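The values are calculated or read from the model by the stated rules, or taken from the named source; none is laboratory data. Every value quoted in this text rests on a predicted model; they were computed, and no experiment measured them. Don't worry about glycine lacking a Cβ; one is built from the backbone with ideal geometry, like all the others, and counts go over all protein chains shown. Side chains included, ligands, DNA and RNA excluded: accessible areas come from the protein's heavy atoms. Shrake-Rupley method; radii C 1.70, N 1.55, O 1.52, S 1.80 Å.
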Amino acid sequence: MVPPFVAIVMGSDSDLPVMAEAAKVLEQLGVGTEVRVLSAHRTPDELVAYVREAEARGCKAFIAGAGMAAALPGTVAAHTALPVVGVPLTSSASALGGLDALLSIVQMPHGVPVATVGLNAAKNAGLLAAQIIALSDENVAQTLAAYRAKQSSDARTKDEKLQEVGYKKYLEEKKV
Ligand code: RP5
């Protein structure tokens with residue numbers, strides 16, 4: 001991948017359907033990505049090797065998503081000073097519905113931060129990583145500004161329609 005890029009890592013391919021949302025929004029914003037399955041528990045050596053070599057190749061931020069006793073984002077953060085965005089996942093294998101992953105990722109020891117987004121919030125992780133890239137990339141900054149402007153315009157259009165037709169008709173039309 002041509003730098004600057006964002007490395008998206010996850011503990012299992014079962015995480016991919018959710019984590020793909022991070023890659024999609026970054027691609028939409030013109031930010032390069034690499035997507036890898038690397039586990040803090042199952043492939044610890046490969047994970048550390050990847051974090052080090054990705055940084056050397058121009059990676060500017062990591063997004064790390066994992067479920068259950070989610071050590072992945074913290075392990076990435078332990079091996080790099082680049083920003084790490086953590087995504088706690090409600091893995092179907094979890095008996096705790098994602099609370100296990102949320103607490104594992106958000107409650108980092110002082111000195112090794114992970115910027116934790118909401119449960120399954122891979123899209124927000126992608127947007128946060130794009131905001132980090134935008135600090136030193138004017139093209140990405142402009143694309144992000146346009147993304148936000150469209151988001152606001154879409155919300156205004158919805159409210160205008162709601163005011164025009166009333167909530168009952170609006171709901172009926174939304175069902176279709
Ligand atoms: C975690 O265990 C992974 O991040 C995944 O969310 C969960 C279950 O993994 P699989 O058993 O589906 O491979 O390490």
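Summary of values
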quantity	calculated
Integer Hz, Karplus 6.51/-1.76/1.60 couplings in order for region 6-15, x for Gly and Pro	10, 8, 10, 10, 8, x, 7, 5, 5, 7
Computed FRET value (nearest 0.05) for His110 with Ala146, which takes r as the C-beta separation and R₀ as 45 Å	0.75
Most to least packed among 37-50, 68-81 [average Cβ atoms within 10 Å]	68-81, 37-50
Label-reachable residues, region 124-161, where backbone N falls under 18 Å from a point 7 Å from Lys169's Cα toward its Cβ	157-161
Formal net charge of residues neighbouring Asn120 (Cβ-Cβ distance under 15 Å; K, R +1; D, E -1)	-1
Cα→Cβ-extended label distance, 7 Å offset, between Asn124 and Arg42, nm	2.7
Label-point gap, in nm, between Leu99 and Ala49 - each point 7 angstrom along Cα→Cβ	3.9
Local electrostatic count at Leu29 - Lys and Arg +1, Asp and Glu -1, tallied over other residues with Cβ under 14 Å	+1
Residues of type lysines that Lys175 reaches as a straight line, Cα spacing below 27 Å, ignoring anything fewer than 8 places off in the same chain	Lys24, Lys123, Lys150, Lys158, Lys161
Of all accessible heavy-atom area on region 18-143, the percent that carbon and sulfur account for (1.4 Å)	56
Charge sum, other residues only, whose C-beta stays under 10 Å from Ser91's C-beta, Lys/Arg counted +1 and Asp/Glu -1	-2
The chain - Rg over Rh from alpha carbon coordinates, Kirkwood radius	1.06
Percent of C-alpha pairs per 5 Å bin, region 29-132, short to long	2, 14, 25, 26, 21, 9, 3, 0
The chain, relative contact order in percent, only Cα pairs under 8 angstrom and at least six apart counted	21
